[in-house]
1. For the stretch 51-93, enumerate the residues that are within 21 Å of Ser108 (Cα to Cα) and touching a residue at least 60 places away in the same chain (Cβ under 8 Å).
2. Pairs please, first residue from the stretch 98-122 and touching a residue at least 12 places away in the same chain (Cβ under 8 Å) and under 12 Å from Thr86 (Cα atoms), second anywhere and open to solvent by 20 Å² or more (accessible area, probe 1.4 Å) and among the hydroxyl-bearing types (Ser, Thr, Tyr), Cβ atoms under 9 Å, 6+ apart in sequence or on different chains.
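The values are calculated or read from the model by the stated rules, or taken from the named source; none is laboratory data. What you see is a predicted model; the values in this text were computed from it and never measured. Using ideal geometry, Cβ is built from the backbone for each residue, glycine included, and neighbour counts are taken over all protein chains shown. Just the protein is used for accessible areas: all its heavy atoms, side chains included, with ligands, DNA and RNA removed. Shrake-Rupley method; radii C 1.70, N 1.55, O 1.52, S 1.80 Å.
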Amino acid sequence: GGEILKHNKKSSVLACVTGQYDCDRIITLASELAEIKGVPLHVLAVVKPGNDYSKYCDEFDYLFQTAKSNGADMTIIFNDNAPKATADFAKKINCKRIVTGMHDGNPSGFLVVFNQLMPKVAITMIDKENSVYSMETVNQRC
């Protein structure tokens, strides 16, 4: 019976951040987009297990406070496979758009792999100068 409930779940916007203070721009933009759509905002950071997390404590605390002030929860997942962990989380929250920093140009980078896993999720990127770029989805039937 869980499948029927899933379709009734409200869609959401997901802000994907890393342990950097300037990721606050991602949360702010995602919050604006969620507000326009009238949907909840979630903030996610995927961190490789085994890293020295102490060097990110202040940054993650700041991002948590930024998320909270924008009415969002913030989740940190420890996983080696950031695109898959993000896709799994996006499915759980019925994400229709993710907001990230800029694509790194790597053909096997985060955004490329995430888009392969979740082709129906729109992607919005914001650079360090606050220029915004969006990739909308198309209804692919083949």
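1. Within the stretch 51-93, Thr86, Phe89, Ala90 meet the criteria.
2. So the pair list comes out as Val121/Thr137.
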